[in-house]
1. Nearest 20 debye, what's the magnitude of the dipole of the chain about its Cα centre given +1 on Lys and Arg Cβ and -1 on Asp and Glu Cβ?
2. Rounded to the nearest 5, what % of DSSP beta bridges with both residues in segment 7-196 are antiparallel?
3. Along the charge dipole of the chain, which of Ala135, Ala116, Thr93 sits closest to the positive end, that is, farthest toward it, with unit charges on the beta carbon of Lys, Arg, Asp and Glu (+1, +1, -1, -1)?
4. Relative contact order of the chain, please, whole-number percent, based on alpha carbon pairs below 8 angstrom and at least 6 residues apart.
5. Here are some values of Kirkwood radius over Cα pairs in Å: (1) 19.6; (2) 17.0; (3) 17.9. Which one was computed from this structure?
6. Given the C-alpha centroids of segment 130-193 and segment 68-91, what is the distance between them in whole angstrom?
7. Towards the positive end of the charge dipole of segment 7-196, with charges on Cβ (+1 Lys, Arg; -1 Asp, Glu), say which of Ser46, Gly57, Ala145 has the farthest Cα.
8. At 7 Å along the Cα-to-beta-carbon direction for both Glu127 and Asp23, put a label point, then send me their distance in nm to one decimal.
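Please treat every number below as a calculation from the coordinates, not as lab data. Quick caveat, the model's predicted, so the values are computed rather than measured. Glycine also receives a Cβ, built like all others from the backbone with ideal geometry; neighbour counts cover every protein chain displayed.
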Amino acid sequence: MRRTLTTLALALAAAVPLPALADWQPVEKIEHYRVSGRSGIELYRSIGENGPKAGVGRAIAFTDFKLLWSRDYRPQADGSCVLAGARPSLTITYRLPKASGDMPEPVRGNWRTFIAGVTAHEKVHGEIIVEMVKAIEATSIGLTAPNDPDCNKVRAELQTRLGALSQEQRRKSREFDRVELSDGGNVHQLVLALVNGG
């Protein structure tokens, strides 16, 4: 199977007019979890108790996604197959803290700054996901293989490519978090300002 995959012809099939990349937009959702406190440190402790699970601990916020595809595989008269279309349906969900209860100033203002910064951070994760989906779309449309009347070779080659693109998305997200969460990083600064600001 591996030898067959490496000899695939991955050029566009001239006989099949291919659509331009689809004009689509992700659906973005925000889910909140409740936190409470009348000081920055109380709010941050509440995040630690109630935040979404991530690895061995809990995160301040988390971005997840659901991705479905509508693909148009077209067997050709010469026995080849071409993937003529691939349209994504992408839903990105941001899980963010929402403070309940009354907060005194300046805690309220500090919280607003904190949550705006955390939301902006998570939106970058969303952008990285959208970049991955666009890369999948670009590598999918026009993928072709000879002697593939059931389109199995094209499907197998596509899965190989998807794995690499998914790993790259994860790598970019991890690297972004590493920078943002490190000492002096943007999220680190947001936490310090919240905790030390009242």
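1. Numbers: 26 positive and 22 negative charges, 78 e Å.
Here the chain has a charge dipole of around 380 debye.
2. About 65 percent, rounded to the nearest 5.
3. Working it through, the farthest residue towards the positive pole turns out to be Thr93.
4. Numbers: 314 pairs, mean separation 57.4, N = 198.
Once divided by the residue count of the chain, the mean separation gives 29 percent.
5. Evaluating Kirkwood radius over Cα pairs in Å on these atoms matches (1).
6. Segment 130-193 and segment 68-91 have Cα centres separated by 20 Å.
7. My answer, from the dipole projection, is Ser46.
8. 2.3 nm
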